[in-house]
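Trainee: Let me give you the structure first, and then I'll get to my questions.
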Amino acid sequence: MAEHSSYTLLDKIQFPKDIRNLSVEKLPQLCEELRHFIITKSAKNPGHLGASLGTVELTVAIHYVFDTPNDKLVWDVGHQAYTHKIITGRKEQFETNRRYKGMSGFPKMSESEYDAFGTGHASTSISATLGMATAARLSGNTSQHHIAVIGDGAMGGGMAFEAMNQAGGTKETMLVILNDNRIAIDENVGAMSQYLLRITSSKSYNRFKKGVWKFFNSRKFIVQAISRLGNSIKGQIVSKSNLFQQLGFRYFGPADGHDVVKLVRILSNLKEIQGPKLLHIVTVKGKGLPLAEENQILYHFPGNYDPDTGELIVPDRHNMPPKYQTVFGETILELALQDERVVGITPAMATGCSLTIMREKLPHRVFDVGIAESHAVTFAAGLAAAGQIPFCNIYSSFLQRSYDQIIHDVALQKLPVIFCIDRAGLVGEDGPTHHGVFDLAFLRSIPNLIIASPRNEAELRNMMFTAYKDRNNPFAIRYPRGNGVMIEWKTPLETLEIGQSKLLKQGKDIAILSLGPLGNNAAQAIDILENKGKTLTHIDVRFLKPLDKKMLDEICTTHHTVITVEDGMVSGGLFTAVSEYIIEKQYNNKVIPIAIPDTFIEHGDIPNLYKLVGFDVEGIVLSIVDH
């Protein structure tokens, strides 16, 4: 698929108003050009490919029918919004997608007035859209339309149902478009996905739907007929009790999400109907790239690929250290093969966190609960209360969504749930919605909770083994996205003494206390400074909680300056814990943090972000020299 030097229609499109100048018959061609544009640009600059290929026609239809940005369009998650960005003034920026100082990969209010609400986490669109619709009514704005597009498994999240419950009760005028592609990152799970499958495969309803749209070819008559018949006849034909209708929404669909002409007609009709409405469309994730259609999990975020064939361009990883995710996956399987009580839990991230390694061997002991982090934690608590040994793997930024459950259902009851906190620290191109920089701060204040972070793959294995053996407290282990530092990582499992740090190098005057993999950058910085005549002490703290107070007492009486190094916020984590202890013991040491400053860090590649916040080796050297 060679890159076009020009596109007949797309070259003339900068904003949605330009699309509205086209005849509806031209829209299929525009969609073809948009899909080609996304495929060729994303081949060189990776992004969330599959979901955005599936929403090309829907996006064009929405902007064609509705008066955006005056009408408010909210995208759930944001994986689906590439076409939206391209046709809302950011076509030339698209090649900078997710790059440092470039275009965000997710909707972002500060980036464009067309991004009505910033997204990145699932199941938020209906709540935000309902808030906007309510605000419009309160301000007397009766002409504004409000549309939420939810898909990629997000309808299975509890927050979506909470919002629908309120919306159906208040009867605010809004449109929810359910983009049903039957997959999030991994395949959708649970009763909701099965329910949607039953609707889309219902022969009786599909015959009815086809007949209605064929017969009612007058728009005015369609609207009147839907108003009279929609809730009575359709609800009986789809099922005895249509879930969405029972929640107070008028349900329409399922419709072909790749027929842009029909979508324009349907949306134009729905635009005139008052109250909460839900349009159910069916799309194919990866539409237009055959390999992406066939391998939807792999092509959710495929990396670089050949735009003509779709074949992935896989970098040579021979003799490279493994990903921390692989180490987790292999180690939990190792433990599960030794003990049948070990179970794995993930909220829709089985592939990303490598629980698929255990699922291939022991599928009955791995539970993908869908996009439901709060439920995942309490489900794990229930398993632990009944004697199982649950390893609950949740990305750091998504763990925020289960804070109450961690406190109330796990820590308060001292249930030995093992939290494996993936993607901790700065994660790179996904940006501030996904950076896992808050967990150290929000977990440290919780009683009964052990918090640890490994410096390398061997420590990750040993921390998992220690948590498995402990069984007295909930245990949190945080580790970053990506590759570690050890080629020979599969070391024998050892039990660590909880709360004990590790002395890596003995020096004088200045002590470096590092937590987690950033300790490897700190070690390199110390080597550079030693070559310049400085002698520094380096300690791998390993456990943020309980903190090694014996080590701190020794350091504070022998070193005048303490520098803490952590891939988390400056407030609440290691720096705060050390400072609090020094104040409590009335020591006089100077404490210097190397941590995330009190701001949200933008998106970009890890080397640039590390340089930005001083996490690179050179930045750590400068921080030490300055003090």
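The values are calculated or read from the model by the stated rules, or taken from the named source; none is laboratory data. Just so you know, these numbers come straight off a predicted model, no measurement behind them. Methodologically, a virtual Cβ is constructed for each residue, glycine included, from the backbone with ideal geometry; neighbour enumeration extends over all protein chains shown. All accessible areas refer to the heavy atoms of the entire protein, side chains included, with ligands and DNA or RNA removed. Shrake-Rupley method; radii C 1.70, N 1.55, O 1.52, S 1.80 Å.
Trainee: Would you confirm whether any residue within the stretch 314-335 is at positive phi and either at pLDDT 95 or above or in contact with a strand residue (DSSP E or B) (Cβ under 8 Å, 6 or more places away or on another chain) (or both)? Steps first, please.
Mentor: The initial filter retains those residues of the stretch 314-335 that are at positive phi, namely 319.
Remaining after also requiring either at pLDDT 95 or above or in contact with a strand residue (DSSP E or B) (Cβ under 8 Å, 6 or more places away or on another chain) (or both): none.
No, the stretch 314-335 has no match at all.
Trainee: Among the candidates R444, R461, which residue alone is among the basic types (K, R) and farther than 20 Å from I332 by Cβ?
Mentor: Values: R461 fails: farther than 20 Å from I332 by Cβ.
Exactly one of R444, R461 is among the basic types (K, R) and farther than 20 Å from I332 by Cβ, namely R444.
Trainee: Hey, another quick one. Scan the stretch 380-414 for residues that are open to solvent by 10 Å² or more (accessible area, probe 1.4 Å), under 19 Å from R478 (Cβ atoms) and of a type in the set (A, V, I, L, M, F, W, C) and jot them down.
Mentor: Matches in the stretch 380-414: F398, I407.
Trainee: I'd like the full set of residues that are among the basic types (K, R), assigned to a helix (DSSP H, G or I) and either closer than 19 Å to V264 by Cα or within 22 Å of the chain's Cα centre (by Cα) (or both), limited to the stretch 49-92. It would help to see each step written out before you state the result.
Mentor: First, pick out the residues of the stretch 49-92 that are among the basic types (K, R): 72, 85, 90-91.
Of the ones still in play, those that are also assigned to a helix (DSSP H, G or I) are 85, 90.
Hit for the stretch 49-92 is K85, nothing else.
Trainee: Any idea which residue in the stretch 113-138 is surrounded by the fewest Cβ atoms within 10 Å (Cβ to Cβ), counting only those that are hydroxyl-bearing (S, T, Y), touching a residue at least 40 places away in the same chain (Cβ under 8 Å) and in contact with a Ser or Thr (Cβ under 9 Å, 6 or more places away or on another chain)?
Mentor: So the first thing to find is which residues in the stretch 113-138 are hydroxyl-bearing (S, T, Y), and the list is 114, 119, 123-125, 127, 129, 134.
Next, from what is left, pick out any that are touching a residue at least 40 places away in the same chain (Cβ under 8 Å): 114, 119, 123-125, 129.
Narrowing the set further to residues that are in contact with a Ser or Thr (Cβ under 9 Å, 6 or more places away or on another chain) leaves 114, 119, 125.
On the way: Y114: 21, T119: 26, S125: 30.
This residue is Y114.
Trainee: To continue, here is another question. Which of the residues belonging to the stretch 53-89 are polar (S, T, N, Q) and out of contact with any His (no Cβ under 7 Å at 6 or more places or on another chain)? Break it down into steps so the answer makes sense when it comes.
Mentor: Start the filter on the stretch 53-89 by keeping residues that are polar (S, T, N, Q), which leaves 55, 59, 68, 70, 80, 83, 88.
Answer for the stretch 53-89, where residues must be polar (S, T, N, Q) and out of contact with any His (no Cβ under 7 Å at 6 or more places or on another chain): T55, T68, N70, Q80, T83, T88.
Rundown of residues vs (1) free of Cβ contacts under 8 Å to residues at least 12 places away in the same chain; (2) open to solvent by 10 Å² or more (accessible area, probe 1.4 Å); (3) under 30 Å from L493 (Cβ atoms); (4) under 23 Å from the mean Cα position of the chain (by Cα), yes/no style:
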residue: A292; (1), (2), (3), (4): no, no, no, yes
residue: N304; (1), (2), (3), (4): no, yes, no, yes
residue: V314; (1), (2), (3), (4): yes, yes, no, no
residue: M320; (1), (2), (3), (4): no, yes, yes, no
residue: Y324; (1), (2), (3), (4): no, no, yes, yes
residue: V327; (1), (2), (3), (4): no, no, yes, yes
residue: I332; (1), (2), (3), (4): no, no, yes, yes
residue: L335; (1), (2), (3), (4): no, no, yes, no
residue: G344; (1), (2), (3), (4): no, no, yes, yes
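Trainee: Additional query: Condition test on I555, is it assigned to a helix (DSSP H, G or I), open to solvent by 50 Å² or more (accessible area, probe 1.4 Å), over 30 Å from S104 (Cβ atoms) and among the aliphatic types (A, V, I, L, M)?
Mentor: Values: assigned to a helix (DSSP H, G or I): yes; open to solvent by 50 Å² or more (accessible area, probe 1.4 Å): no; over 30 Å from S104 (Cβ atoms): yes; among the aliphatic types (A, V, I, L, M): yes.
Against the criterion (assigned to a helix (DSSP H, G or I), open to solvent by 50 Å² or more (accessible area, probe 1.4 Å), over 30 Å from S104 (Cβ atoms) and among the aliphatic types (A, V, I, L, M)), I555 does not qualify.
Trainee: In the list L496, L536, which residue meets the criterion of being under 19 Å from Y468 (Cα atoms) and touching a residue at least 12 places away in the same chain (Cβ under 8 Å)?
Mentor: Details: L536 fails: under 19 Å from Y468 (Cα atoms).
Exactly one residue qualifies, and that residue is L496.
Trainee: Could you say which residue among G370, G436 is at pLDDT below 95 and touching a helix residue (DSSP H, G or I) at 6+ places or on another chain (Cβ under 6 Å)?
Mentor: Values: G436 fails: at pLDDT below 95.
Only one candidate qualifies: G370.
Trainee: If you don't mind, another one. I'd like the full set of residues that are more than 23 Å from P363 (Cα to Cα) and assigned to a loop (DSSP other than H, G, I, E, B), limited to the stretch 279-302.
Mentor: Scanning the stretch 279-302 gives T283, V284, K285, G286, K287, G288, L289, F301, P302.
Trainee: Starting from residues that are of a type in the set (A, V, I, L, M, F, W, C) and in contact with a helix residue (DSSP H, G or I) (Cβ under 6 Å, 6 or more places away or on another chain), keep the ones in the stretch 564-581 and report whichever is surrounded by the most Cβ atoms within 10 Å (Cβ to Cβ).
Mentor: The initial filter retains those residues of the stretch 564-581 that are of a type in the set (A, V, I, L, M, F, W, C), namely 565, 569-570, 574-575, 577-578.
Within this subset, residues satisfying the condition of being in contact with a helix residue (DSSP H, G or I) (Cβ under 6 Å, 6 or more places away or on another chain) are 565, 569.
Numbers: V565: 27, M569: 22.
It comes out as V565.
Trainee: Sort out which residues of the stretch 346-376 are in contact with a Phe, Trp or Tyr (Cβ under 8 Å, 6 or more places away or on another chain), more than 23 Å from G431 (Cα to Cα) and touching a residue at least 40 places away in the same chain (Cβ under 8 Å), and write them in order of number.
Mentor: V369
Trainee: Within the stretch 359-369, identify whether any single residue is open to solvent by less than 10 Å² (accessible area, probe 1.4 Å) and farther than 30 Å from I594 by Cα, and answer yes or no. Let's see the steps before the verdict.
Mentor: First, the residues of the stretch 359-369 that are open to solvent by less than 10 Å² (accessible area, probe 1.4 Å): none.
No, because not a single residue in the stretch 359-369 is open to solvent by less than 10 Å² (accessible area, probe 1.4 Å) and farther than 30 Å from I594 by Cα.
Trainee: Okay, moving on. If L34 satisfies every condition in (1) surrounded by fewer than 24 Cβ atoms within 10 Å (Cβ to Cβ); (2) more than 22 Å from the chain's Cα centre (by Cα); (3) under 20 Å from P302 (Cα atoms); (4) not charged (D, E, K, R) but one, which is the exception?
Mentor: Condition not satisfied by L34: (1).
Trainee: Additional query: Among the residues of the stretch 405-433, which ones are outside any helix (DSSP H, G or I) and at pLDDT below 95? Outline the logic, then answer.
Mentor: Residues of the stretch 405-433 outside any helix (DSSP H, G or I): 412-430.
Answer for the stretch 405-433, where residues must be outside any helix (DSSP H, G or I) and at pLDDT below 95: G428, E429, D430.
Trainee: Let me ask you something else. Filter the stretch 415-460 for residues that are buried (at least 24 other Cβ atoms within 10 Å of the Cβ) and among the basic types (K, R); which is farthest from the chain's Cα centre (by Cα)?
Mentor: Ranking the qualifying residues of the stretch 415-460, first place goes to R455.
Trainee: Looking at the stretch 505-531 only, could you name the residues that are touching a residue at least 40 places away in the same chain (Cβ under 8 Å) and of a type in the set (G, A, S)?
Mentor: A511, S514, G516, G519, A522, A525, listed by residue number.
Trainee: Only one of (1) in contact with a Ser or Thr (Cβ under 9 Å, 6 or more places away or on another chain); (2) crowded, with 21+ Cβ neighbours inside 10 Å; (3) modelled with pLDDT under 95 is not met by N45, so which one is it?
Mentor: (2)
Trainee: Here is a further query. For the stretch 112-156, how many residues meet the condition of being among the β-branched types (V, I, T), in a helix (DSSP H, G or I) and within 23 Å of the chain's Cα centre (by Cα)?
Mentor: Initial filter on the stretch 112-156 (among the β-branched types (V, I, T)): 119, 124, 126, 129, 134, 142, 147, 149-150.
Next cut, in a helix (DSSP H, G or I) only: 126, 129, 134.
Next cut, within 23 Å of the chain's Cα centre (by Cα) only: 126, 129.
Final tally of qualifying residues: 2.
Trainee: Ok, one more. Look through M103, M109 and report the one residue that is open to solvent by less than 10 Å² (accessible area, probe 1.4 Å), free of Cβ contacts under 8 Å to residues at least 24 places away in the same chain and assigned to a loop (DSSP other than H, G, I, E, B). Steps first, answer last, please.
Mentor: Values: M109 fails: open to solvent by less than 10 Å² (accessible area, probe 1.4 Å).
So the residue among M103, M109 that is open to solvent by less than 10 Å² (accessible area, probe 1.4 Å), free of Cβ contacts under 8 Å to residues at least 24 places away in the same chain and assigned to a loop (DSSP other than H, G, I, E, B) is M103.
Trainee: Next up: Taking interchain pairs and intrachain pairs at least six residues apart, which have beta carbon atoms under 8 angstrom, with the first residue in the stretch 34-47 and over 11 Å from E95 (Cβ atoms) and the second among the hydrophobic types (A, V, I, L, M, F, W, C) and assigned to a loop (DSSP other than H, G, I, E, B)?
Mentor: Sorted first by the residue in the stretch 34-47, then by its partner, the pairs are H36/M1; I39/M1; I39/L289; P46/F301.
Trainee: For residues that are of a type in the set (G, A, S) and within 19 Å of A522 (Cα to Cα), scanning just the stretch 582-627, find the one that is most open to solvent (accessible area, probe 1.4 Å).
Mentor: Keep residues of the stretch 582-627 that are of a type in the set (G, A, S), which gives 595, 604, 614, 619, 623.
Those still in the list that are within 19 Å of A522 (Cα to Cα) too: 595, 614, 619, 623.
Values: A595: 14, G614: 14, G619: 13, S623: 32 Å².
Filtering first and then ranking leaves S623.
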